[in-house]
1. With only alpha-carbon atoms in the gyration tensor, what are the semi-axes of the equivalent ellipsoid for region 129-236, in Å, largest first?
2. Can you give the translational diffusion coefficient of region 1-96 in µm²/s, computed by Stokes-Einstein from the Kirkwood radius over Cα pairs at 37 °C and 0.692 mPa s?
3. Going by C-beta contacts inside 10 Å, put 197, 190, 137 in order with the fewest on the left.
4. Where in region 10-44 does the label zone of residue 143 land, with the point 7 angstrom along Cα→C-beta and an amide N cut-off under 20 Å?
5. Compute the angle between helix 127-140 and the longest alpha-carbon principal axis of the chain, please, reported from 0 to 90 degrees and rounded to the nearest 10.
6. Give the residues of region 116-155 whose amide nitrogen is closer than 11 Å to a point set 7 Å from the Cα of residue 204 in the direction of its Cβ.
7. Using alpha carbon coordinates only, what is the Rg to Rh ratio of region 67-198, with Rh defined as the Kirkwood radius?
8. What is the spin-label model distance, in nm, from residue 127 to residue 151 if the labels are put 7 Å beyond Cα along the C-beta direction?
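Derivation of every value follows stated rules applied to the coordinates shown; laboratory data play no part. The model shown is predicted, which means the values in this text are computed figures rather than measured ones. Cβ atoms come from the backbone with ideal geometry, glycine included; neighbour counts cover every protein chain shown.
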């Protein structure tokens, strides 16, 4: 029984580490080749032209960015199954975590299956087609990106992180510094929500670096939790 339990913890740890590292790769490529996320503050026409210039390589990069988070799904579920008997709250935290992953994936996939069509219409169409493409992009981006991916997805990720940090502390599974690191990371990540409200409320105070810093620290936290789980044996 102990060997099976330890194998589960090791599996969870590997999944968290692999996902955390893999998510860095396409994000870095997009920041270099597509100037992401700064490009989202540019004129929509510029964004669509830049996307069209990126060609198939850029489309595949976005698809990869959406897919590399898949290993987190079994990791969240397995971790939840290990801990929910000790703390029933974990079951609901796990549901929230799974939802966060799914909606973020759906939001990212707009860059693979929707934006290429709009970019092509913008570059090759007449003036009417260009204006229609810009309006469509704004609507799709606002809903698929801002509402699903960044608001619900990130907010639910923050709730999952806080919930798991609380669980780790309550069950004394992780060192205190890592638990507080999870709380602080969640707070910084939460501040990135200000940029989303600014898209509909001009003049809303924005903390520009909160998203970049918060997401980066979150990935670091995820990887460290994975490393700790590699050496852990949680008794059922």
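1. 35, 15, 11
2. In µm²/s, the coefficient is 207.
3. Lowest to highest Cβ neighbour count: 197, 190, 137.
4. Within reach of a label on residue 143: 44.
5. Taking the Cα atoms of the chain, the angle to 127-140 is about 20 degrees.
6. 147, 151
7. Rg/Rh: 1.13.
8. 3.4
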